[in-house]
Structure formats: structure tokens, C-alpha cells
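Participant: There's a structure below that I have some questions on.
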Amino acid sequence: RMASHNMPQTERLAGMLGLATRAGKLIIGSNLTVAAVREAEYLKKGKKTPHLVLLATDASDNTKKKIQNCCTYHQVAYFVIPLSASELGHAIGNGMDVSAIGIADVGFSEAVKKILLQYSNADKPQEV
């Protein structure tokens, strides 16, 4: 399936994550993301609850396992994305490597999912 835009997937993804960052809708880092997913059920309205979790392609096996187990248990969708931790950190304007983020907004989550699913040649997205 051809993508409707000429812009590469990684650029569109990075752009969307940049917008989500500026809107204050991201939970940054694997520990904070796991904590937010775990606490999602107990958080009061208005707190950041992740609707989608993204893992850098080079996240450690331990981090991947932790995120996958947590997201599966709490029924939060997650994807391994075609960005390294360094690229993910850069995309969200964080100077450091970021191996996982949570998106605490339904609109941004859907937009990111659409970008990931639009490219059949991407690393097979893993959705729960």
C-alpha cells in the first residue's frame, strides 16, 4: 500500500511526537511510562493516563519486556517504533536517549497509530 504522503514515516512520526510534546501530552521515559500505565486505573480525572505506549527499536530487552508485560496486563496498546532511543529523544526535544514514551491523549494516540499502520514496509508494528 502506498503512503498518501511522500514524507518518510520516521519524519511524520517525529513531527507528530513533537506536536504531542509541545501540547504536554507525553509521559517520557520507561519508568514513568510503566508507573503511569500501572496507576492509570487509580488516577483521578485530569491526570496523564497513557492511551498508547511507544518503544524505541533499540530499547533493552529488559525495558521491552517490562513495557510489554505492563501494557498487556493493563490493556494499553503499545508499538515498537522505527526510531532509536536517540532519535526518539531528539524527536521530543529531549537531549537524552528515550527508550519509551506514553501518549496521554486519544487524538495524538490515534494519529500516531495511523502513521505506524500506514506503512507496510515498516518493522511490523506490534499492537496489543
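The values are calculated or read from the model by the stated rules, or taken from the named source; none is laboratory data. Here the structure is a predicted model, which is why all the values come from computation and not from measurement. Quick reminder, even Gly has a Cβ in these numbers, built from the backbone with ideal geometry, and neighbours come from all protein chains shown. The accessibility values were calculated without ligands, DNA or RNA, using every heavy atom of the protein model including side chains. Shrake-Rupley method; radii C 1.70, N 1.55, O 1.52, S 1.80 Å.
Participant: Which numbered condition trips up residue 103, out of (1) without any contact (Cβ under 8 Å) to a residue 60 or more places away in the chain; (2) crowded, with 21+ Cβ neighbours inside 10 Å; (3) under 10 Å from the mean Cα position of the chain (by Cα); (4) under 19 Å from residue 40 (Cα atoms)?
Facilitator: Tallying (1) without any contact (Cβ under 8 Å) to a residue 60 or more places away in the chain; (2) crowded, with 21+ Cβ neighbours inside 10 Å; (3) under 10 Å from the mean Cα position of the chain (by Cα); (4) under 19 Å from residue 40 (Cα atoms), residue 103 fails exactly one: (1).
Participant: Can I ask one more? Looking at region 16-35, which of its residues are at positive phi and surrounded by 17 or more Cβ atoms within 10 Å (Cβ to Cβ)?
Facilitator: If the condition is that a residue be at positive phi and surrounded by 17 or more Cβ atoms within 10 Å (Cβ to Cβ), then 29 is the only one that fits.
Participant: Is there a residue being at pLDDT below 90, closer than 25 Å to residue 63 by Cα and not in a helix (DSSP H, G or I) anywhere in region 4-16?
Facilitator: no
Participant: List, please: which pairs have Cβ atoms under 9 Å, are six or more places apart or on different chains, and start with a residue in region 108-119 that is touching a residue at least 40 places away in the same chain (Cβ under 8 Å) and end with one that is in a helix (DSSP H, G or I) and open to solvent by 40 Å² or more (accessible area, probe 1.4 Å)?
Facilitator: Within 9 Å, the pairs are 108/16; 108/19; 111/16; 111/19; 112/16; 115/12; 115/16; 118/12.
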